[in-house]
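Let me begin by presenting the structure, written as C-alpha cells, before commenting on it.
The values are calculated or read from the model by the stated rules, or taken from the named source; none is laboratory data. Every value quoted in this text rests on a predicted model; they were computed, and no experiment measured them. Neighbour counts are summed over all protein chains in view; Cβ atoms, including those assigned to glycine, are modelled from backbone coordinates with ideal geometry.
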Amino acid sequence: MDQEVTYQRTEKVSDPRAGGGTIEGFKTRILKTIHYETRVISTNYGPLGLKDTIDPDDARKALVERSWAAIVHPNQEASKAEDAQFKHDMTTIELKIRINQLRVIAGLCAYVLVFIKELPFCRPNLRFAMRITDEWDRIFREEYDIPTATDRKKIKLRMLFDLFAVESAVVEKFFSCMESSVEFEDMRPNDDGSLKEWDVTQLADVVHNLQRHLDMENILNAWSHNIDHIPACTAIAFHLKTVLAQMHGDAIDLRRLRTSAAPNQPAGRLPFGTNEGDPTVQPAQQGAAPSATGLQFKQIITEGLTRSGCSELGGQLSARRQLRNKMSHALVDSVAGSAARARPGETETKRFERIVSTNASLRQVHLPNTKRPVELSPAAVAGSHLPTLDEVLNSGVPQNLLDCALHGCSESVSNLGLDHNLAMIGMSSKARWEYKKVKNSAYPGPVDWDFGWARFKPPVKGKAQPVTTDLPDAVGPGAAPPQAQSAAVTTVTGTPIGGGGHGKSVWMRAALQVMAESNNGEVFSMPKDKNVTAAIYRDVIASLADANDRSNLARVPKRRDDDFNRIRALHSDYSPIDAQPQGKPVDPAVINPDCMYDQGQRVLSEKYKTPAQNQRIGCGVPHEDNVYQRRLDLLNDNCALPTCVRPQQFAMSPPVEEDKEGGGIYFNKWVSAGHAAWVVEIAAMLKNVPGLSGCHTLLTPDSLMVGSARSRQNGAHDDPMADIDGESWRDPVRRPGEDAAREAADQTPMPSSMAAQVSSPHAGEASSSASSLHPTSEEARAKAEAAPLRQNAAIDSMYYEWDMQATALTIIANDMFHFDCEEEFDAAIDNYPDVFTIDPNAVPGTARKELLARMLRDRPQHSLRFPARPGNANILVPLTRAPPLEASRFVVANKSDANAELSLRQQYQLLQQESLAEGCPLSFASMQYANAESKLKNTNDLDELTGNLFARSTWLLFTNKQLDARGHLTDDEQARLCDHGLYIRLQVRNARASDPDGPGQAYSKHIGKVPKARLTSMEAQERMTISYADDTAAGGEEYGDLHRERRRMLSQQQTNVMSGGEAIAAACKRRREAGLKPKRDPKLARF
C-alpha cells in the first residue's frame, strides 16, 4: 500500500580547499520516498501468514486490514508430460514474442504510473468512478448483505483505477489493433512500412487519454478485483461459509411440497392423506411413525430442468432475497425495530403487511428483464417473508414431525425422535448441531434457547456418535417411511472442539472440525478438493469472528426475551411435570404444533383443514400451491414452529463468535440460511450466462445435480477423451484440400479489433458429451454442439465453481449499466452507408429498423476478469457480458458524496507527494498543495450532472467536462470520446480495409488489407452455433465458413494447450490398460 520509507546513505565526498587540494570525508544523506505499490509474498501458510502451530492474536489480525491473501490451490492434474510441453513451448518464437509484448506493456504502464504519481494533476479524476462503486457497495450491502471495503482497502481500489486506465490507454495506442493505432499520427507507418523510432513523447497521448479510459468497463473490473480484497468476500470465505452452513443444518437445496393423488379419490374430499381416516404407509421399523401417502418432498433440480428454467428460478430467488434483506436492513435501526414488533394477537403476515405498507422501498424488487423495479402488494411481500419448507427443515424440525403435522396427525415423542429437552421446540435430538442455550429449565421451552446461533456437536473422543440424515428426497407411495429412510448410521470418532483440545486455539479446533466433516463426506466441500490447509481454515474463521473489522459485520437477529411471548411451543395432552413428589419431567404421549386443533379438542380446526391460499405466490417465490403448503404457511403465520420464527430486530455483528463454554464456535443461523439460499441462487443464475451455460463443472453438490450427473460425479467420471487415441483428437474434422487452407490461414491471425471486443475466435464452443467430438456427419456434429446452448435444453447440473460469488456479483453490477446509445448507432447508418448497408429492395422503414436492431444486438461487450468455459474445451478465454440497452436502476448522479472530503491521512499523503514532485518541503498553506487538493477533491465535479448515474451518457458528460478543464479536449479527442465504447469508427476502418474493392479512405493506406473482424463474444458465439445447426439441418450454409474457422481455431487452441497434458496422459493410460505400447508424441520427441 502507500507507505513512507526513509533511507540513510553514507557516501564519500571531497571538499576542495581554498589554497588548493581537497579534504576527503563522509556525508550522510537522508532519502525519503513513498512506496505506492503492492508487494507480493508467497507462503505456504494461511492468510495471516502464520504456521499451523502459531495461534493468531489481535496484533496479527491487524494484518488483515493492511493486506489480502489470494489462495492459489495446486494443480492436481499436473503431469510430467505437461512440464515437458511447457518447456517446449517456452522455446517457441510465438511465446517469446508474447512474453516480450507483456514486458513492454508492463514497462510502459510503470513509466506512466510513476509520471502521474509525481504529477497528481495528470491523474484521471476518480470522483465519478468512486461514486459508481460507492453506489454498488450500498446496493449490495442493503439487498445482498455483502460487506463493503474499508477505507484502507479503498486505497487499493483507487490504485486499480489508475492502473486499468493506464493499461487501457497504452494498449489502445500500441498493442490493440491497427485500426486503433493509426488514430495517432506518431503510430502511422512510414512509406516503407516501418514505424517511427521510439520516443518518450509518444506517451503524451496516453496521459491525455487517461480520463477517457476510466470508462465503465474498467470501473467495473477494478471494483470486481477489489471484491477479493475484502476478507469476508473472498472465494475461500464463501466456500468455508458453505461448509459451515451445511454443518449447522442448512442444506444447499430448495425443496418443495408436492402431492401425489391417489386413484379413485371420492369427489368433494381433500387431497389424499389430508382427510381424517385416510390410510397411511406403516413403517418398516418398530416404533416409527406412519407416513401418509399423499405428500412428497422434492429437490430443486429434477430431470427436465432447462436453462430458461434456471434463469426463472434465479430471478425468483433474487426477488425473495431482495425483500428479506431490505427488511433486515431497515430493522437494524432501533426505532424502526421497535415499531416493527408484533402486537398482541397479530399474525406474522399482518405484522409484515403493516411494516411495508408505509415504506414503498420495502415492496420493490428488481427482476430480470425489467426496465424498472416492480412494486408488489403488501400481502405478497408479507407472504415472501414466511419461512419456506427448506428453512423449516433446516431449522431442526424433523421431517417425520412435519409430515405428521401437515397430515393433521399427532405422534408420540419417542416415535418422532425427540427427548424432553427438545420436545417443546420440536427439534430432533439426532441433529449433529444444537442451538445456543441461554437458560436452564426443567423442561426447556422456546424462551430458554437462542435460535439465532448454533454450534456443531463435536464427536467425543473414543465414543461413537450416530450421523443421520433426517431429510430424505421423497416420501410417498412406494417410498420407505421417514424413520426408515434416515436409518443409515455412520460411526464417527474424533477429538471434540470443546475442552482442552491439546492446547490448540478455538480457531484451530474449529478448523480441524471443518476438515474432519469435509473429509468424511458428511458435507460438500470444494476447499477439500483444493487441498486447503488447516492454517487457511483457521485464519479465515478467526477473521470472520473479528468484530473490529467492519467488513466482517453482517445483519444478525437481535434476541429479546419478550420476543417469545408470541412464539408457541408444541402442544400435547399431558402435563410436563409429573405429579410425583420428585417432580421429574416425563415424556409426553403425543405432540403436535399449535393451531392444528380446536381449543380443547382433538378435531382439526376448519382453518387448518381447508387453509386459505397465501399471496406470496404473487411475487414468484418458487413453491407449489397445495393444501400441504397452505398448512405449512398457517403454522408459520401463527409462530407454531418455534425454531423458524422470523426475527423482529437486527444488529450488526460478525457471523461467527466464540463458544466460551464449549471451546468451539457459534455460527449465526440467519446468516447460514441466507448463505445457503444465496449459493443456490448463484448456481441457477450462472447456468444461463453465455460462456458458462454449456460447461460441465467438475465439483458440484449432489443437490444441484440430477441423478445421472450425480452418479457420474460420485462414481466413474466420463472421460471426454475416452474414444481418442494418438493424434486423432486434435483435428476432429478433416476435409480434402482443407489442410493447405488452414496452414495459409495460420500465417494471418485474426485481428483483435476493439470494434467487436474480440475475446476469442472460439468462444461459445460447446460439447454436451464426448460423442459430439466424433460425429457421423456435419449435421449431427452441429446439432450436438448447439444442443446444450438452447434455452429449452435440459441441464444435468447447475454451475458451481471456485469464483462463483465474485462472478455473480460482477455480472449483476454490469447489468445495472444503461447503454443508451441507440441514437449513435442510428446516426452511423447515415454517416457510413457503404459499411452499414440498407437493402434497397426491402420495405421502406423496415430494413433500417432491422439493421439498427442487429447493430444494437452486436454492440461491444465488456470483457470480465473471469474465464469463460466454452463446453469441454480446455482453453482460457475471457467471459464477456453486454451492458443492457434498458435502464434497470436509476440513481441520481449528482448526489453528494463523502469522498469529496479528504481524511487527515490522505491530506498528509498528498502533501508528501507534492513535496517530492516540487523537490522541496511544502506546507498545507502552500499554493501547490491547494491546487493538488482541489484537483483530487473535485468537490463540484458532479454538481452539474443530471440523469442516471449508470447511464453511458452521464459518463460521457463527466469525461467531456474533465477533458475540457484539463485542456485536452481537441477535435480528435472529442471524436474518440464520443465513439469510446461503441467503436463504430473502428468497425468502419476494418470494413473498408478488408474490402478489396472498397474505396480508398483516409486510414486505409496506413492499415492495408486486413481480414474482416468477426464477432466473438460469448453471446454471439452461442447464437451463431445454434443458427448454424438450424441452417445445416435445413440444407443451408449461412454461418458455414465462420463456424468452420472458429472450430479450426478451437482445435488449434486445444492442441497448443492440451497436447502435452491430460489428453496425452489419458491416451497413454488407455493404451497401457489395453496392453499396447504408448505412442510417442512428436512434440515430445526432442525431449
- Selection within the range 176-208 - at pLDDT below 90, in contact with an Asp or Glu (Cβ under 6 Å, 6 or more places away or on another chain) and of a type in the set (S, T, N, Q): Ser180
- Query: What's the number of the condition Lys607 fails, among (1) modelled with pLDDT under 60; (2) among the charged types (D, E, K, R); (3) surrounded by 12 or more Cβ atoms within 10 Å (Cβ to Cβ)?
  - Reply: (1)
- Of (1) surrounded by fewer than 18 Cβ atoms within 10 Å (Cβ to Cβ); (2) modelled with pLDDT of 55 or more, Gln265 fails just (2)
- Task: Can you run down the residue pairs with Cβ atoms below 6 Å, 6 or more apart or on separate chains, where the first is in the range 309-336 and within 13 Å of Ser384 (Cβ to Cβ) and the partner is assigned to a helix (DSSP H, G or I) and hydroxyl-bearing (Ser, Thr, Tyr)?
- Result: Arg320/Ser384; Leu323/Ser384
- First in the range 438-450 and touching a residue at least 40 places away in the same chain (Cβ under 8 Å), second anywhere and crowded, with 16+ Cβ neighbours inside 10 Å and assigned to a helix (DSSP H, G or I), Cβ under 6 Å, 6 or more apart: Gly445/Met424; Pro446/Ile425; Pro446/Phe564; Pro446/Pro642; Val447/Phe564
- Query: Tell me, which helices (runs of 4 or more DSSP H) lie completely within the range 111-187 with 1 or more residues that are closer than 18 Å to Leu963 by Cα?
  - Reply: 127-144, 151-174
- Scanning for something modelled with pLDDT under 85, in a helix (DSSP H, G or I) and in contact with a strand residue (DSSP E or B) (Cβ under 9 Å, 6 or more places away or on another chain), does the range 518-540 turn up at least one residue? no
- Do we find that Ser934 is outside the structural domain of Asp137 (by the TED database) and modelled with pLDDT of 70 or more in this structure? no
- Item | Enumeration of residues in the range 305-342 that are at pLDDT below 75 and either of a type outside the set (S, T, N, Q) or assigned to a strand (DSSP E or B) (or both) | Val335, Ala336, Gly337
